[in-house]
Amino acid sequence: QVQLVESGGGLVQAGGSLRLSCAASGSIRRLNVMGWYRQAPGKQRELVAEITSGGSTNYVDSVKGRFAISRDNAKNTVYLQMNSLKPEDTAVYYCNVRGLLQNSWGQGTQVTVSS
């Protein structure tokens with residue numbers, strides 16, 4: 001079983017920055033993908049960014065050039081640096097770790113961007 005603890009959400013003005021962190025513990029597969037998803041009110045949960053254990057990354061088009069995902073394999077931690085935030089980035093952000101026969105979610109952290 002994998003436990004995920006997220007931190008770093010909050011309220012920020014448009015154009016500002018936030019950094020999300022997610023620390024994983026437990027029986028984590030050596031080969032895995034760590035990612036961030038978000039869900040805005042009335043919308044489906046969507047992938048924001050993900051990074052493999054080898055460092056390959058993938059972003060949704062709407063955040064390319066503004067967000068950066070990274071990970072520290074020694075600490076089993078994934079980060080999401082969010083710059084130039086927009087009101088449409090407002091959502092609950094969820095950390096996800098998936099590997100062989102494993103798919104775990106964090107509890108979510110609220111990000112609110114005011115205009």
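Summary table
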{"read-out": "Spin-label proximity, ASN103 to region 28-44 - amide N less than 20 Å from point 7 Å beyond Cα toward beta carbon", "value": "28-40, 43-44"}
{"read-out": "Spin-label model distance (nm) - ALA14 vs GLU88, 7 Å beyond Cα toward Cβ", "value": "1.1"}
{"read-out": "Whole-Hz ³J(HN,Hα) from phi, Karplus 6.51 cos²θ - 1.76 cosθ + 1.60, for region 91-97, glycine and proline x", "value": "4, 8, 9, 10, 8, 9, 10"}
{"read-out": "Amide proton proximity set for ASN32, modelled H, under 5 Å, gap of 5+", "value": "SER53"}
{"read-out": "Qualifying lysines (Cα of each under 22 Å from Cα of LYS43; at least 8 residues distant if same chain)", "value": "LYS64, LYS86"}
{"read-out": "Sparse-neighbourhood loop sites, trypsin sites (Lys or Arg not before Pro) in region 1-44 - DSSP loop, at most 11 other Cβ within 10 angstrom", "value": "ARG30, LYS43"}
{"read-out": "Gyration tensor (alpha-carbon) shape descriptor, region 23-68, a/c threshold 1.5", "value": "oblate"}
{"read-out": "Relative contact order (%) - the chain, alpha-carbon pairs under 8 angstrom, separation at least six", "value": "36"}
{"read-out": "Label-point separation in nm, SER70 to GLN44, each point 7 Å along Cα→Cβ", "value": "3.3"}
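Every read-out reported here was derived from the displayed coordinates using simple, explicitly stated rules and does not represent laboratory data. Here the structure is a predicted model, which means the values were calculated and not measured. Heads up, the Cβs are rebuilt from the backbone with ideal geometry, glycines too, and the neighbour counts pull from every protein chain shown.
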